[in-house]
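Engineer: One structure coming up, written as structure tokens, with questions to follow.
The values are calculated or read from the model by the stated rules, or taken from the named source; none is laboratory data. A quick note: this is a predicted structure, and the numbers were derived from the prediction, not measured. Cβ placement follows ideal geometry from the backbone for every residue including glycine, while neighbour counts extend to all protein chains displayed. What goes into the accessible areas is simple: the full protein's heavy atoms, side chains included, and nothing from ligands, DNA or RNA. Shrake-Rupley method; radii C 1.70, N 1.55, O 1.52, S 1.80 Å.
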Amino acid sequence: MKNDDTLLHLPPPALNPMEEKQAMLAAIIASTDDTIISKTLEGIITSWNPAAERMFGYKEFEAVGQHISIIIPPERLPEETFIIGQITKGEKVDHFETVRQTKNGELIPISLTISPIRNSLGQIIGASKIAKDISEQKRAAEKQGVLSAIVDSSDDTILSKTLDGIITSWNKAAVKMFGYTEAEAIGQHISLIIPPDRLNEETFIIGEVSKGNKVDHFQTIRRAKNGNLVPISLSVSPIVDGNGKVIGASKIARDISGEQATQLETAKLYEQLKELNTKKDEFIALASHELKTPLTSINGYLQLLDLYVSEEKPKVFLQKAQHQLKKLSSLVDDLLDVSKIEAGKLRFTTEDFDICEVINNAVDLISHTNTSYKITLHSSVRNCIIKGDDHRIEQVIMNFLTNAIRYAPNSNQIEVFLISDKHDIKIGVKDLGVGIATEKLEHIFSRYYRVDDNDSKVSGLGIGLYLCHEIVTRHNGKIWAESELGKGSTFWFTLPVI
Ligand code: ADP
């Protein structure tokens, strides 16, 4: 027993240098992450390291003594003949990319390096294999392939460059846009396509990209190989390496010459439309001015004629003619006013006047000429002084009242409100007529706007409310309408009280 104990504590027997080297190699093979296998020239596995166990799933005792075909997929067996052929000739097989099979049938892409094993006489007696799993590499390459295919098939020009401006990639659309082939562009400075007067843009872009910022929709001009200038919209993004450091920039360029042409076309059309509109305004101004003179003289002659006619029937005809003439004159006056507004020449007189008086007069006048209507005035004030043009304010109230009659053919009730507020006086005209749809209300104060769906069949030019709007706002007041289709409307305006 004693002797045995002593034996256990004995130092290991000393190794000769050859044995030492052998032991060291064995230790390296056992601890390496690379799969290392050896086999005879007949393909019988003679060694199998722990990394091989991990890669293929077979334990050392399961693999050693087996034929190497246990890890070769059947369709790849001929590769073994080729490899052994090379080894027999004493040649190494380097970075041979292939696929091997694990114990559970999984296929793994690997890179093989196979070297001959010689005996002490220099004869080749087997082969050592080092296998590297290249699945990750393959996956990355595939991903790279997909990305390059996308970049290459894109209609957008995509290129990349270093932070020093050296072009590092150039897709097919870039070839088409700038005329330089990939070989001509890669390695060149990006100034190849920048017109000299725009070189400073590159400093700005690189400055932004170096800070990690993206430059989006930067509209500029680049130069093609044939000297043509191409208007483009650029989006430049930083390219970062694995450590998050900016190492370059990717650029996507879109040809916007088409867009610019459309913009130009639209601008031209807009100009033409504006010109036409001006011409129309000028025509209306001229026509209404020219109509005014004969109208005035017809009016004069009708008044003269009135003095000579005493018979009842011709007198009635004469009155009808005078009435129609008045309507025509009022239309021409409105048209003249519109032209004046457009030319910025509509003038107002400014005087203090009593708005209550103006409203009372207008209601009286309308009631007098439209006897079938019941016009009720609700007023909380007796007098209220306003600064402005009393004729123009009268024009507004008259317009509200005549519209209330025209657009309420089936009702004869009209109410007028005169409400005093602290700083304002508020005037409203309510009818029970055809009403206006909500979505149309916001347009009724626009020039030449007429509601087309209230089937009122009332003729008009759509300028009365436009003039009212201009008059009220020029008096620092507000104008609006409340209405419900089929139920009636109330038109309002306010004026500041002095
Ligand atoms: P128009 O001469 O056509 O009446 P206006 O500028 O006075 O011109 O009115 C613009 C449009 O607003 C009218 O065509 C009409 O459709 C609508 N409108 C104006 N007043 C009323 C109202 N009291 N009731 C219903 N619709 C109205």
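Engineer: Quick one: ARG222 ticks every box in (1) open to solvent by less than 50 Å² (accessible area, probe 1.4 Å); (2) more than 19 Å from PRO195 (Cα to Cα) bar one, so which box is it?
Structural biologist: That leaves (2) as the condition not met.
Engineer: Looking at (1) within 11 Å of the ligand (Cβ to nearest atom); (2) surrounded by fewer than 19 Cβ atoms within 10 Å (Cβ to Cβ); (3) not hydroxyl-bearing (Ser, Thr, Tyr), can you tell me which one ILE405 breaks?
Structural biologist: Here ILE405 clears every test but (2).
Engineer: Just checking, which of ASP390, ASP364 is open to solvent by 80 Å² or more (accessible area, probe 1.4 Å) and more than 16 Å from the ligand (Cβ to nearest atom)?
Structural biologist: ASP364
Residue-by-condition table, conditions (1) closer than 27 Å to ILE471 by Cβ; (2) touching a Gly at 6+ places or on another chain (Cβ under 7 Å); (3) of a type in the set (Ser, Thr, Tyr); (4) without any contact (Cβ under 8 Å) to a residue 12 or more places away in the chain:
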residue: LEU264; (1), (2), (3), (4): no, no, no, yes
residue: THR278; (1), (2), (3), (4): yes, no, yes, yes
residue: SER288; (1), (2), (3), (4): yes, no, yes, no
residue: GLN324; (1), (2), (3), (4): yes, no, no, yes
residue: ALA362; (1), (2), (3), (4): yes, no, no, no
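Engineer: Within the group ILE114, ILE167, ILE190, which residue is modelled with pLDDT of 90 or more, open to solvent by less than 40 Å² (accessible area, probe 1.4 Å), assigned by TED's automatic domain parsing to the domain that holds GLY57 and of a type outside the set (Lys, Arg)?
Structural biologist: Working: ILE167 fails: assigned by TED's automatic domain parsing to the domain that holds GLY57; ILE190 fails: assigned by TED's automatic domain parsing to the domain that holds GLY57.
Among ILE114, ILE167, ILE190, only ILE114 is modelled with pLDDT of 90 or more, open to solvent by less than 40 Å² (accessible area, probe 1.4 Å), assigned by TED's automatic domain parsing to the domain that holds GLY57 and of a type outside the set (Lys, Arg).
Engineer: Go through the residues of region 318-332 one by one and say whether even a single one is over 21 Å from THR402 (Cβ atoms), more than 54 Å from the chain's Cα centre (by Cα) and open to solvent by 90 Å² or more (accessible area, probe 1.4 Å). Even if it seems obvious, please write down each step before you answer.
Structural biologist: Residues of region 318-332 over 21 Å from THR402 (Cβ atoms): 318.
Remaining after also requiring more than 54 Å from the chain's Cα centre (by Cα): 318.
Going one step further and asking which of them are open to solvent by 90 Å² or more (accessible area, probe 1.4 Å), we end up with none.
No: region 318-332 contains no residue that is over 21 Å from THR402 (Cβ atoms), more than 54 Å from the chain's Cα centre (by Cα) and open to solvent by 90 Å² or more (accessible area, probe 1.4 Å).
Engineer: Pick from ALA131, ALA149: which is loosely packed, with under 12 Cβ neighbours inside 10 Å and not in a loop (DSSP other than H, G, I, E, B)?
Structural biologist: Selected residue: ALA149, the only one of ALA131, ALA149 that is loosely packed, with under 12 Cβ neighbours inside 10 Å and not in a loop (DSSP other than H, G, I, E, B).
Engineer: Turning to a different aspect of this structure: Going by the structure shown, is LYS422 surrounded by fewer than 16 Cβ atoms within 10 Å (Cβ to Cβ) and over 15 Å from THR369 (Cα atoms)? Don't jump to the end; show me each part of the working.
Structural biologist: Working: surrounded by fewer than 16 Cβ atoms within 10 Å (Cβ to Cβ): yes; over 15 Å from THR369 (Cα atoms): yes.
So LYS422 fits the description; yes.
Engineer: Return the residue satisfying two criteria in turn: it lies in region 424-451 and is part of a strand (DSSP E or B) and among the basic types (Lys, Arg), and of such residues it is nearest to the ligand (Cβ to nearest atom). Explain how you work it out, then say what you get.
Structural biologist: So in region 424-451, the residues part of a strand (DSSP E or B) come out as 424-431.
Still in the running and among the basic types (Lys, Arg): 426, 430.
Details: LYS426: 17, LYS430: 9 Å.
Looking at the filtered set, the residue picked out is LYS430.
Per-residue answers, yes or no, for (1) in a strand (DSSP E or B); (2) at pLDDT 90 or above; (3) loosely packed, with under 13 Cβ neighbours inside 10 Å:
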site: GLY227; (1), (2), (3): no, yes, yes
site: ARG254; (1), (2), (3): yes, no, no
site: LEU264; (1), (2), (3): no, no, yes
site: LYS280; (1), (2), (3): no, no, yes
site: ALA285; (1), (2), (3): no, no, no
site: GLU290; (1), (2), (3): no, yes, yes
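Engineer: Provide a single number: the residues in region 408-423 that are near the ligand (Cβ under 10 Å from one of its atoms) and without any contact (Cβ under 8 Å) to a residue 40 or more places away in the chain. Please lay out each step first, then the result.
Structural biologist: Kept after step one, since they are near the ligand (Cβ under 10 Å from one of its atoms), are these residues of region 408-423: 408, 414.
Still in the running and without any contact (Cβ under 8 Å) to a residue 40 or more places away in the chain: none.
Selection size over region 408-423: 0.
Engineer: Quick check on region 452-486: of everything there that is surrounded by 20 or more Cβ atoms within 10 Å (Cβ to Cβ) and in a loop (DSSP other than H, G, I, E, B), which residue is nearest to the ligand (Cβ to nearest atom)?
Structural biologist: If we take residues in region 452-486 being surrounded by 20 or more Cβ atoms within 10 Å (Cβ to Cβ) and in a loop (DSSP other than H, G, I, E, B), then ILE463 is nearest to the ligand (Cβ to nearest atom).
Engineer: Only one residue in LYS320, LYS326, LYS315 is under 16 Å from GLN395 (Cβ atoms) and either assigned to a helix (DSSP H, G or I) or in the same structural domain as LYS292 (by TED's automatic domain parsing) (or both). Which one? Walk me through how you get there before you give the answer.
Structural biologist: Numbers: LYS320 fails: under 16 Å from GLN395 (Cβ atoms); LYS315 fails: under 16 Å from GLN395 (Cβ atoms).
None of the others qualify; the one that does is LYS326.
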